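Computed from the coordinates by the stated procedures, all read-outs in this text should not be read as laboratory data. Nothing here was measured: the structure is a model prediction, and the numbers come from that model. Here the Cβ is made from the backbone with ideal geometry for all residues, glycine too, and neighbour counts use every protein chain on show.
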Amino acid sequence: MMVKELTVRGSFRYGPGDYQLAISLVSQGKVDLKPLVTHRFEFTDAVAAFNTTKTGKGPDGKGVIKAIIDGPKSSNFYAAAATATLLVGAGVAFAQPLQLDADPRQGQKKSGSAHAKTQTPQAENLISYDEVQKHNTRESCWVVIRGQVYDITDFIPKHPGGVKPIVANAGTDATEIYESIHAKGLIEKMLKPSQHVGALDPATAPAPNPEIEEEEKRIAGARAKLPPLSHVLNLNEFEELAETVLSKTAWSYYRSAADDEYAHMNNALAFRRYWFRPRILRGTKTIDTSCNILGVPSALPIFVSPAAMAGLGDPAGEVNITRGAGKTGIIQGISSNASCTIDEIADARTDREKQPLFFQLYVASDRTKSVQTIKRVEELGYRAIFFTVDAPVLGNRELDQRNRSGLLGSGDEDEEGQKGGVASTIDGYFDTDIDWSTLKWLKTVTKLPIILKGVQTVEDVELAAEHGVQAVLLSNHGGRQLDYAPAGIDVLYELRQKRPDLFDKVEVYVDGGVRRGTDVLKALCLGAKGVGLGRTFLFANGTYGEKGVVKAVRILQNEIETGMRLLGATSLDQLRPEMVERAPFVEIPSGLYRSRPE
């Protein structure tokens, strides 16, 4: 393709799920390339840079200039990561674009990291957008991903998320929704080379969606107003700030809960029903917060509860959380529906031999796929498995559905009359018929310790102990599954009252509604061995990335250490049930101390 001008249009921002770096090759006359050669644009987050370097002579003996994109890709523009080789002579540039699959996580790796490139499409392989739009049915389904056109007709029945989201985006550029949900490189692994139709002809690409541009402007403005991280004093402030800077899709998915959201609200309110009975004159100069969770050392009695789609909040996704967890010495639970692959997450560990990762398993309808995943998890050195038992189907999350951002296309409803959100695109592979025999099967395919995630009654803790599981996580899935399900802290209290002997048979963890280090201490006093937080780390990652994750842990560490001193405990084993009492239902007005940091 011959052009006479290279026009570079870019908007650079630390955005929720994407950095915008758009390149357009257009024929608009002669161009002075000197600015491209002499200027370098750098960004303080060390994740986006545009650089040009001379690379020798072209085939005609004239100078060759290569424009290189190094950093995160755009989530919604076909040529967000590209290399343009410019043959320069007499003020006229001849350009041929090369696809560069720029990994957002590469920006934080060493400078020697290699970028994966796809083969340069030949001119006859350029596909017009009009042609793509003709293939918009289940019988003939093409999509555009990062400027490449794929025929995914035969893949539709195999899609783990079901038919609905694929058909809804047939015949369109599906880059934004694809990259917000799937791990990098997945489409290349799942499709055959013959299903790669060619490259999208950039001259025919549709104009940017004005609504998307407005949303990006809003987010960029909000991010510019983010206070310094040092001004964030508590976990609530991460959530408040996240609401302002995340995309509507990301915020709605992270924040959504089931039905009228009473279970979600009660998770935090429940901790207010537990009051301390501090002891005095205990000599608390030295505090030890270290512990073991399933025999795995942890610097603090907290862990990252598995939570999906960290990439909606930051391009690096779970990798940021992995690095933050490694720097602070805590365990990270990895969701089956993570934005990053289990390999990428394992590679991001600060110490591959010592940093612990636990994997959350949703058993697939096709058990062979689950077995393959488990074996790979074991090979990568993951230390335990969260077996999710509270999600045979996904809960009714209306906030996510209401802001589904085109996941189901422009129609009002799908064929079943149900609207969908991000969650609806990732639940199609679940086995909806799991029972206690599934646990027996799981124990035959892995030797890793198993944690039942989503236990909500004392009776099921009893059954878990009878079936020989090593641990249970008392959780209502952050209030995202069954509305009016009990808060984990209340189930923990009931277990302490009715079956205290079970604490000697299984390790008990709790999550849901944790906002303060004092919440962690209440759970530990009642017998929990560890306390999980999920949304907290999504919000911290979505606002400040890896540094936000570290700051969230440090906030909790400070609150835990302070609380232990005031309780009269110098180590976690000194936290006893008699240090906490359950008061009648008490409603404390919200907002007594809720001010956004500035």
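For the pairs Lys453/Lys505; Lys354/Lys443; Lys327/Lys453; Lys217/Lys248; Lys443/Lys498; Lys375/Lys443, note any where the Cα-Cα span goes beyond 19 Å. From the list (Lys453/Lys505; Lys354/Lys443; Lys327/Lys453; Lys217/Lys248; Lys443/Lys498; Lys375/Lys443), the Cα-Cα distance tops 19 Å for Lys354/Lys443; Lys327/Lys453; Lys443/Lys498. Looking at region 249-368 alone, DSSP beta bridges between its own residues are antiparallel in about 40 percent of cases. For Arg576 and Ser437, FRET efficiency with R0 = 41 Å and r from the beta-carbon atoms, rounded to 0.05? The formula returns an efficiency of 0.60 here. Amide hydrogen proximity for Met309: with H placed 1.01 Å from N in the peptide plane, the residues at 5 or more positions away or on another chain lying under 5 Å are Ala338, Ser339.
Net charge of the neighbourhood of Gln332, taken over other residues with C-beta under 12 Å away and scored Lys/Arg +1, Asp/Glu -1, is +3.
At 0.36 nm per residue, minus the direct Cα-Cα distance, what do Glu466 and Arg499 gain on full extension? Give it in nm, one decimal, please.
Taking Glu466 through Arg499 to full extension adds about 10.5 nm, to one decimal.
Distance from the Cα centroid of region 122-158 to that of region 524-552 is 41 Å (rounded to whole angstrom). Placing +1 on the Cβ of every Lys and Arg and -1 on the Cβ of every Asp and Glu, with no other charges, gives region 125-266 a dipole of roughly 440 debye about its Cα centre. If the segment from Thr368 to Leu229 were pulled out straight at 0.36 nm per residue, it would be longer than the present Cα-Cα gap by 45.6 nm.
What is the sum of charges around Ala523, taking Lys and Arg as +1, Asp and Glu as -1, for the other residues whose C-beta is under 10 Å from the C-beta of Ala523?
0
For Val550, neighbours were defined as the other residues whose beta-carbon sits under 13 Å from its Cβ, and their charges (Lys and Arg +1, Asp and Glu -1) total +4. Taking the number of Cβ atoms within 10 Å of each Cβ as an exposure proxy, the fewest-first ranking of Asp154, Asp435 is Asp435, Asp154.
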